[in-house]
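Read the structure below first, then the notes.
The values are calculated or read from the model by the stated rules, or taken from the named source; none is laboratory data. Remember, predicted model here, so these are calculated numbers, not experimental data. Here the Cβ positions follow ideal geometry from the backbone for every residue, glycine too, while neighbour counts run over all protein chains shown.
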Amino acid sequence: MTHEKDPQQKPVENTGLSRRGFLGASAAGAALVGTAGIGSAVMSRESWAAAVKNAQQNYHVAPGELDEYIGFWSGGHQGEVRVLGIPSMRELMRIPVFNIDSATGWGITNESKAIMGDSAKFLNGDCHHPHISMTDGRYDGKYIFINDKANTRVARIRLDIMKCDKMITIPNCQAIHGLRLQKVPYTKYVFANAEFIIPHPNDGKLFDLQDDNCYTLYNIIDAEAMEVAFQIIVDGNLDNTDADYTGRFAAATCYNSEKATDLGGMMRNERDWVVVFDIEAAEKAVKAKKFTTLGNSKVPVLDGRKRNGKDSPFTRYIPVPKNPHGLNTSSDGKYFIANGKLSPTVSMIEIAKLPDLFANKLKDPRDTIAAEPELGLGPLHTTFDGRGNAYTTLFIDSQVVKWNMADAVRAYNGEKVNYIRQKLDVHYQPGHLHASLCETRDADGKWLIALCKFSKDRFLPVGPLHPENDQLIDISGDVMKLVHDGPTYAEPHDCILAHRSQVKPKKIWSRNDPFFAGTTAMAKKDGVDVYSDNKIIRDGNKVRVYMTSVAPSFGITEFKVKQGDEVTVVVTNLDQIEDVSHGFVMVNHGVSMEISPQQTASVTFVANDPGLHWYYCSWFCHALHMEMVGRMLVEPA
Ligand code: RUQ
Ligand code: CUA
Ligand code: CA
């Protein structure tokens with residue numbers, strides 16, 4: 001029992017237990033310490049033994065073995081989405097979204113530029129919240145949606161090909177932050193918070209925010225069409241959001257009810273709020289054409305602000321301690337949980353009481369609060385294990401606290417129970433945390449990821465810029481056990497874990513996939529079948545070079561253009577063997593793209609430099625990969 005260096009050894013607050021007691025190798029010894037505890041944190045000798053044993057869930061995935069869970073990590077201000085296997089924490093893939101990617105040609109190819117639309121001019125993004133589409137509160141494996149705070153966008157990733165297929169810029173807003181999906185009956189809507197309050201119209205006349213024409217909007221996006229279905233004006237600003245399991249409600253935290261422009265001002269009020277949206281009521285108003293529009297945008301806009309103390313039909317404001325941050329729906333569907341950040345508490349809003357709140361049957365919106373447990377310093381986000389426990393990150397304490405929701409409610413109602421189960425040190429300053437399947441009815445309480453903002457001394461030094469530290473925690477037993485440190489590059493705000501059976505990507509592309517439909521349509525107009533033809537089409541000073549590729553050669557190994565021609569190279573990879581991806585790089589032209597089996601990809605550039613220019617395949621595809629080359633001759637004008 002003297003594991004002096006045990007990093008998990010720390011007193012468990014309010015229990016009199018030490019972490020050594022929870023995690024010592026000797027179950028019998030642990031049981032002895034356990035009896036010194038009080039309240040519900042006491043475990044029987046049997047459950048201690050089981051706890052120690054259960055916390056031994058294997059996280060080692062041997063070479064050749066596959067992970068049980070697939071995780072999607074936001075790349076933060078790096079802009080991409082990363083795919084990891086859990087529990088190995090191995091990075092499996094990167095999906096470029098709001099960034100430019102040299103390997104796949106994202107942001108370079110015509111197909112990706114068409115998806116990025118007008119916003120292709122931006123080279124940066126800042127994504128935070130990846131979420132998997134659902135049917136009846138369970139992941140359906142179809143899409144991932146993710147926000148871009150930096151350039152006010154929302155993007156969709158098709159999970160069958162693991163590529164971004166839609167990207168939209170949200171009108172009338174600045175900075176999309178919180179993003180969640182409708183869970184029930186299915187992901188018809190994506191809910192997206194525009195964080196910052198701006199003047200409407202934003203025409204350079206107002207710089208202050210107190211004017212009535214300064215506000216922000218809650219965005220309800222049609223997930224299939226990827227168009228903003230409608231927007232709701234709110235009081236205050238918007239931070240994080242989540243939806244319920246009835247399909248009717250969504251909720252968002254507001255930290256700037258003050259409409260302040262500076263730090264001090266944003267902390268002035270003792271309470272900010274959670275705004276709850278009645279999505280059904282809002283939908284009805286839109287259908288009945290009871291909306292306005294803003295500026296040039298045609299998106300229906302509803303006013304969800306309080307007017308003279310009167311609530312709108314679509315919104316209710318529930319006061320919670322100042323500057324809340326994360327908003328998480330418990331996987332049992334009972335609570336919206338607002339995380340206190342500046343307050344050591346989280347506020348549990350009872351979703352079953354919301355119909356009464358909207359029907360004005362409650363005296364006080366605070367009557368919806370089922371409990372407000374005190375957890376520790378800096379609670380930011382909460383996740384769930386499907387067994388009635390919640391886990392909250394404590395940013396300032398650098399801990400994850402495990403607590404029991406039913407006991408928190410009992411304590412709030414005056415019973416003497418201890419709802420804290422365990423506090424585990426993490427390294428360091430955790431923001432989000434995410435337990436396996438926790439956003440769905442299937443929350444299975446096996447693995448938890450704590451996404452730590454600081455890594456400090458946990459890895460070899462790599463200069464002033466440090467990696468972050470995503471830690472894997474085994475929560476399958478009665479105690480949490482830290483099992484792995486995972487360095488990550490800027491900045492995985494959030495991640496999401498699905499069971500591997502819930503995501504079924506294709507191994508090779510389908511012919512005529514909509515991803516490159518625009519390109520094959522262009523080919524058809526040129527009388528070209530991309531699946532067989534190698535042809536050069538001249539169209540004024542535009543030249544379209546259609547070629548196939550089969551390892552290890554391009555269908556066209558030389559072509560000639562005139563200086564100043566706009567050249568479009570279209571490559572279709574005819575290989576049908578899994579994993580035989582080719583690339584196309586035109587040297588000294590900033591041209592690079594991936595062409596995976598049965599994919600068509602295209603890139604357009606201007607041939608400005610007279611002379612011979614080599615092109616080559618950039619993905620190692622064959623023993624003769626180096627020989628997979630061709631030449632372009634640019635004849636002087
Ligand atoms: S927010 S660290 Cu961008 Cu998800 Cu809380
Ligand atoms: Cu084709 Cu390398
Ligand atoms: Ca505030």
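Quick look at the values:
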{"read-out": "The listed residue being of a type outside the set (A, V, I, L, M, F, W, C) and over 19 Å from His493 (Cα atoms), out of Glu91, Glu80, Glu65", "value": "Glu65"}
{"read-out": "Count - residues of region 467-518 that are among the hydrophobic types (A, V, I, L, M, F, W, C), within 16 Å of ligand 1 (Cβ to nearest atom) and not in a strand (DSSP E or B)", "value": "1"}
{"read-out": "Residue within region 304-322 that is under 26 Å from Leu437 (Cβ atoms), surrounded by 17 or more Cβ atoms within 10 Å (Cβ to Cβ) and out of contact with any His (no Cβ under 7 Å at 6 or more places or on another chain) present", "value": "no"}
{"read-out": "Qualifying residue in region 543-557 (condition: surrounded by fewer than 17 Cβ atoms within 10 Å (Cβ to Cβ), away from ligand 3 (no atom under 16 Å from the Cβ), in contact (Cβ under 8 Å) with a residue 60 or more places away in the chain and among the β-branched types (Val, Ile, Thr))", "value": "yes"}
{"read-out": "Test: residue in region 295-305 that is assigned to a helix (DSSP H, G or I), closer than 29 Å to Asp208 by Cβ and away from ligand 2 (no atom under 16 Å from the Cβ)", "value": "no"}
{"read-out": "Pairs where the first residue, in region 437-466, is under 19 Å from Val401 (Cβ atoms) and modelled with pLDDT under 95 and the second is within 16 Å of ligand 2 (Cβ to nearest atom) and assigned to a loop (DSSP other than H, G, I, E, B), C-beta under 7 Å, 6+ apart", "value": "none"}
{"read-out": "Neighbours by Cβ (under 7 Å, 6+ apart or cross-chain): first from region 93-111, in a loop (DSSP other than H, G, I, E, B); second among the basic types (Lys, Arg) and buried (at least 23 other Cβ atoms within 10 Å of the Cβ)", "value": "Phe98/Arg153"}
{"read-out": "Residue in region 577-600 that is away from ligand 2 (no atom under 16 Å from the Cβ), surrounded by fewer than 17 Cβ atoms within 10 Å (Cβ to Cβ), modelled with pLDDT of 95 or more and assigned to a strand (DSSP E or B) present", "value": "no"}
{"read-out": "Residue within region 262-274 that is in a strand (DSSP E or B) and away from ligand 1 (no atom under 16 Å from the Cβ) present", "value": "yes"}
{"read-out": "Glu280, sole failed condition from (1) closer than 28 Å to Arg366 by Cα; (2) more than 16 Å from ligand 3 (Cβ to nearest atom); (3) assigned to a strand (DSSP E or B); (4) not aromatic (Phe, Trp, Tyr)", "value": "(3)"}
{"read-out": "Filtered residues of region 527-542 (kept if touching a Ser or Thr at 6+ places or on another chain (Cβ under 7 Å) and surrounded by 15 or more Cβ atoms within 10 Å (Cβ to Cβ))", "value": "Val530, Asn534"}
{"read-out": "Counted residues, region 372-404 - those being of a type outside the set (A, V, I, L, M) and within 13 Å of ligand 1 (Cβ to nearest atom)", "value": "8"}
{"read-out": "Test: residue in region 525-532 that is within 30 Å of Asp126 (Cβ to Cβ) and of a type outside the set (S, T, N, Q)", "value": "no"}
{"read-out": "Single condition Trp273 does not satisfy, out of (1) away from ligand 3 (no atom under 16 Å from the Cβ); (2) more than 23 Å from the chain's Cα centre (by Cα)", "value": "(1)"}
{"read-out": "Any hit, region 333-349, residues being within 16 Å of ligand 3 (Cβ to nearest atom), surrounded by 22 or more Cβ atoms within 10 Å (Cβ to Cβ), of a type in the set (D, E, K, R) and not in a strand (DSSP E or B)", "value": "yes"}
{"read-out": "Options Ser257, Ser312: the member that is in a loop (DSSP other than H, G, I, E, B), within 16 Å of ligand 3 (Cβ to nearest atom) and under 15 Å from Pro365 (Cβ atoms)", "value": "Ser257"}
